[in-house]
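The values are calculated or read from the model by the stated rules, or taken from the named source; none is laboratory data. Predicted model, so just to flag it, every value in this text is computed and none were measured. Here the Cβ is made from the backbone with ideal geometry for all residues, glycine too, and neighbour counts use every protein chain on show. The accessibility values were calculated without ligands, DNA or RNA, using every heavy atom of the protein model including side chains. Shrake-Rupley method; radii C 1.70, N 1.55, O 1.52, S 1.80 Å.
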Amino acid sequence: MKRGFVSIIIPAYRDRQRLRLCLRALAKQSYPSSEFEVLIVNNDYLPFDMPAISRAINCRLLHEPTPGSYAARNAALRVAEGDIIGFTDSDCIPAPNWIEAAVSRFVRPDAPARIAGHVELFFNGSKPNSVELYESYFAFRQAENAAKA
């Protein structure tokens, strides 16, 4: 399998604790860390220091003061070096084979233009509240979202 260089983009807004969990998961990827970069975009007008775990993987901290995750993602896209671009959020915990599984799809002759993986939700309590329940049914229709142009 031919491997491509991957850029993972993470918009972050005042969420250092969950960002640390996300970065720990990225540091444990089965895909070689020399073959991907992580672009963390601070989407706050206040600066913040990069979590120490970021030293374990190829991370860069960017700053985009314009509000919104789309502005943050676009700022990272301007400097991303990857042939393949992956998006996650600071409150996500990617599976250990997340990058490798995505790359394996994109190096095929019949490679899709985009893919979206399964999102497994976790809730604050033992039972989801009404908002969490609504999201679990309607918010993450990944196949439909990936099919949209």
Can you pull out the residues in the range 8-36 that are over 19 Å from PRO47 (Cβ atoms) and basic (Lys, Arg)?
ARG24, LYS28
Of all the helices (runs of 4 or more DSSP H) wholly in the range 1-110, which have at least 2 residues that are open to solvent by 10 Å² or more (accessible area, probe 1.4 Å) and among the aromatic types (Phe, Trp, Tyr)?
98-106
Looking at this structure, is VAL131 at pLDDT below 85 and assigned to a loop (DSSP other than H, G, I, E, B)?
no
